[in-house]
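Encoded as structure tokens, the structure appears first; notes follow it.
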Amino acid sequence: MEVEPHTRFIGIDFSAARDAADRTWVTVAFGDHDHLTVAESRPVRTLLEYPSQPIPTALVSFIARSGPSVIGCDACFSLPLPLVDTIWEDWLCTYPRRFPDPDALRRAGRDPSGRERKRLTDRLVHAPFAPTNLRLFLQTDTWLREVLHPLVEQRMVAVAPFHSRALDRPYLLEVCPAVSLRALDLPHCRYKGRTTDAQAAREQILRGLQGLGVTLSPALSDTVIAQPGGDGLDSIVAAVTAWLVTMRNPPSSNLPPEASREGWIYVPQPPYPLVNRR
């Protein structure tokens with residue numbers, strides 16, 4: 001399918017858990033200013049070349065082949081100051097030497113008083129966790145070391161806000177589904193789980209996204225609502241965030257100085273008018 005640059009939007013809900021093949025979901029969608037059509041949303045196990053490749057390697061290959069897409073990634077692109085002490089791209093290319101293993105990252109993620117270090121963007125958007133939080137540091141380390149590092153080192157992507165958007169390669173945005181949902185005034189907590197209330201929250205989220213102009217098949221909608229982990233829904237929210245930020249609320253180039261090293265979580269800014277569904 002031939003598409004214009006940046007009409008293809010992808011959402012990646014990344015996991016480094018033992019069952020990451022089932023918990024890492026990828027959504028592919030196509031959109032214009034008014035509508036976004038979700039073409040597919042699947043776990044890595046069924047979407048990529050798995051198990052013939054490790055999950056991070058398969059993701060690198062998938063992202064590199066994605067062409068002029070905008071990709072919303074639920075993963076941390078950088079660390080808090082002062083852990084990033086040079087130009088971000090140089091820092092990322094030396095990341096494996098700076099942090100030889102995830103435990104080294106976990107130790108560095110605390111200040112002298114023992115508190116977790118947070119980036120400015122984490123504080124501003126009230127992100128649920130710091131990049132090196134106990135629940136997140138393995139994901140952060142795997143993403144930086146095994147996914148983002150090779151993509152940037154081999155110049156296969158452009159990464160916001162460190163690079164300008166390029167029309168010949170994927171453009172990666174850091175997103176946080178819970179933050180995006182809160183910004184869109186949709187349920188942003190307690191939507192994961194097997195309870196009736198959690199399932200009802202997932203259904204409410206999908207209705208809210210459809211009201212913004214998002215279309216997905218009834219079968220996919222049923223799958224996402226039934227999935228208790230919420231990983232499929234998070235990958236859809238990541239793709240929707242990439243679409244909204246790109247098409248309706250272009251990211252500002254006037255970011256705080258900290259963003260040039262710490263990175264930036266991109267958030268859709270409401271209100272967005274409801275559109276007529278096709």
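The values are calculated or read from the model by the stated rules, or taken from the named source; none is laboratory data. Model, not experiment: these values are computed from the prediction. Please note: Cβ atoms are built from the backbone with ideal geometry, for glycine as well, and neighbour counts cover all protein chains shown.
Values as computed for the structure displayed
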{"item": "Single residue of segment 43-61 satisfying the filter (of a type outside the set (A, V, I, L, M) and under 15 Å from the mean Cα position of the chain (by Cα)) that is nearest to L212 (Cα to Cα)", "result": "P43"}
{"item": "Subset tally (residues that are closer than 26 Å to M247 by Cα and assigned to a loop (DSSP other than H, G, I, E, B)) for segment 190-228", "result": "4"}
{"item": "Residues (within 22 Å of K118 (Cβ to Cβ) and part of a helix (DSSP H, G or I)) located in segment 246-259", "result": "A259"}
{"item": "Residue pairs meeting the criteria (Cβ under 9 Å; at least 6 apart or on separate chains; first assigned to a helix (DSSP H, G or I), in segment 169-183; second crowded, with 22+ Cβ neighbours inside 10 Å and of a type in the set (D, E))", "result": "P177/D13; P177/D74; P177/D234; A178/D234"}
{"item": "Subset of segment 249-260 [under 18 Å from the mean Cα position of the chain (by Cα) and touching a residue at least 24 places away in the same chain (Cβ under 8 Å)]", "result": "P251, A259"}
{"item": "Listing of helices (runs of 4 or more DSSP H) fully contained in segment 55-144 that carry 1 or more residues being under 18 Å from Y266 (Cα atoms)", "result": "88-93, 120-125, 137-142"}
{"item": "Residues of segment 184-216 classified as of a type outside the set (V, I, T) and touching a residue at least 24 places away in the same chain (Cβ under 8 Å), total", "result": "17"}
{"item": "Considering residues of segment 247-278 that are modelled with pLDDT of 90 or more and small (G, A, S) only, the residue surrounded by the fewest Cβ atoms within 10 Å (Cβ to Cβ)", "result": "S260"}
{"item": "Flag for I236 being of a type in the set (V, I, T) and either touching a Lys or Arg at 6+ places or on another chain (Cβ under 8 Å) or over 27 Å from R123 (Cα atoms) (or both)", "result": "no"}
{"item": "D13, sole failed condition from (1) within 18 Å of R119 (Cβ to Cβ); (2) of a type outside the set (A, V, I, L, M); (3) crowded, with 20+ Cβ neighbours inside 10 Å", "result": "(1)"}
